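Data block below; observations after.
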Amino acid sequence: MSRKAQDGPLRDDLVAAIPNMRAFAISLCGNRDRADDLVQEALVKAWNHLGSFEQGTNLKAWLFTILRNAYFSELRKSKREVADSDGQLAAKLSVPAEQQGHLELMDLNNALARLPPDQREALILVGAEGFSYEDAATISGCAVGTVKSRVNRARAKVSELLMATPSASAATTEPASEPSPRRRSRVT
């Protein structure tokens, strides 16, 4: 017999089982509305898997097994979920927006750009690249004390620039020019 020929009597048997399924679902979850949802879910699953039902076996037991499995699957899933109707828990889990970090990086880049080139180079070699003062001195072609001095002045200037205004990103981004040698004027 084809499935189409079986659908009529089987459909009638499914509909006839609904009151018993509903009573079983209420006994499982204790909530009439949730029980109706479970029965509907079980009937949809049963209808979609009619091909796996063996004719001549207990249809009611098959439906109750589907219903029970749906209930316990939902129960396992709900144990991993948390009721949060007012959104307070979700608010605690949120991460701050990344725009602030981007703005802070822009501020730092602007402050670095305003340093004299020799101080910026020393600070980047030691602070960002992790070179020792000795290695940075070798790379820069100057004395270790000079590198230490440049790094110290660069750190102080960057700190000053970042603290000077609420948003250092408003500062100009043009790099500072090489310091000009001081000239002594003669008084005659």
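Some values worked out for this structure:
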| quantity | calculated |
| --- | --- |
| Label-point separation, L93 to E160 (7 Å along Cα→Cβ), nm | 4.8 nm |
| Distance (nanometres) between label positions extended 7 Å along Cα→Cβ at K77 and S27 | 2.5 nm |
| Net length gained if the chain between N69 and D84 were fully extended (0.36 nm per residue, minus Cα distance) | 2.8 nm |
| Between segment 75-141 and segment 8-70, the Cα center-to-center distance that results, in Å | 56 Å |
| A128 versus V44: modelled label distance in nm, points set 7 Å from Cα along the beta carbon direction | 5.6 nm |
| Assigned charges on the beta-carbon of Lys, Arg, Asp, Glu; segment 72-130 dipole about Cα centre (debye) | 380 debye |
| Dipole moment magnitude, nearest 20 debye, segment 45-159 about Cα centre, only Lys, Arg, Asp, Glu C-beta charged | 380 debye |
| Calculated FRET efficiency for the pair S140/N109, C-beta based, R₀ 25 Å, to 0.05 | 0.75 |
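Taken together, the values in this text are just the output of simple stated rules run on the coordinates, not laboratory data. Owing to the predicted nature of the structure, the values given are computational and were not obtained by experimental measurement. Counting neighbours? That spans all protein chains shown, and the Cβs are built from the backbone with ideal geometry, glycine included.
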